[in-house]
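Nothing in this text is a laboratory measurement; each read-out follows from the coordinates by a stated rule. The model shown is predicted, which means the values in this text are computed figures rather than measured ones. Here the Cβ is made from the backbone with ideal geometry for all residues, glycine too, and neighbour counts use every protein chain on show.
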Amino acid sequence: MQSSSTEFTNLQPGDQARVKGFGPMPEYYRNRLLSMGLTPGTEFTVMRQAPLGDPVQIMVRGFRLSLRRAEAGTLQVEVL
């Protein structure tokens, strides 16, 4: 199976992806994402999104995490 890179904002519920890295963002927010387990190489599944698209809930390392779509959009991801 071949994987492809995309922006987090293109992912839909049920999609699986891997964190490749981080785009431009404040250092404090990057550190926050890292402390929540979103490190490069980590796989996650998009579980659901709110009716207006924000926030987005993902399953990462066995727990559910809700992220604002704009902030999650700074993640560089690879679709699995």
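Among residues belonging to the range 45-80 that are surrounded by 14 or more Cβ atoms within 10 Å (Cβ to Cβ) and small (G, A, S), point out the one that is nearest to the chain's Cα centre (by Cα).
My answer is A72.
Within the range 1-60, which residues are part of a helix (DSSP H, G or I) and of a type in the set (D, E, K, R)? Steps first, please.
The initial filter retains those residues of the range 1-60 that are part of a helix (DSSP H, G or I), namely 8-10, 27-35.
Answer for the range 1-60, where residues must be part of a helix (DSSP H, G or I) and of a type in the set (D, E, K, R): E27, R30, R32.
May I ask you to say which residue of G37, G14 is exposed (fewer than 11 other Cβ atoms within 10 Å of the Cβ), in contact with a strand residue (DSSP E or B) (Cβ under 9 Å, 6 or more places away or on another chain) and not acidic (D, E)?
Details: G37 fails: exposed (fewer than 11 other Cβ atoms within 10 Å of the Cβ).
Sole residue among the options that is exposed (fewer than 11 other Cβ atoms within 10 Å of the Cβ), in contact with a strand residue (DSSP E or B) (Cβ under 9 Å, 6 or more places away or on another chain) and not acidic (D, E): G14.
Out of the range 14-55, which residues are free of Cβ contacts under 8 Å to residues at least 60 places away in the same chain, under 15 Å from V79 (Cβ atoms) and among the aliphatic types (A, V, I, L, M)?
V19, V46
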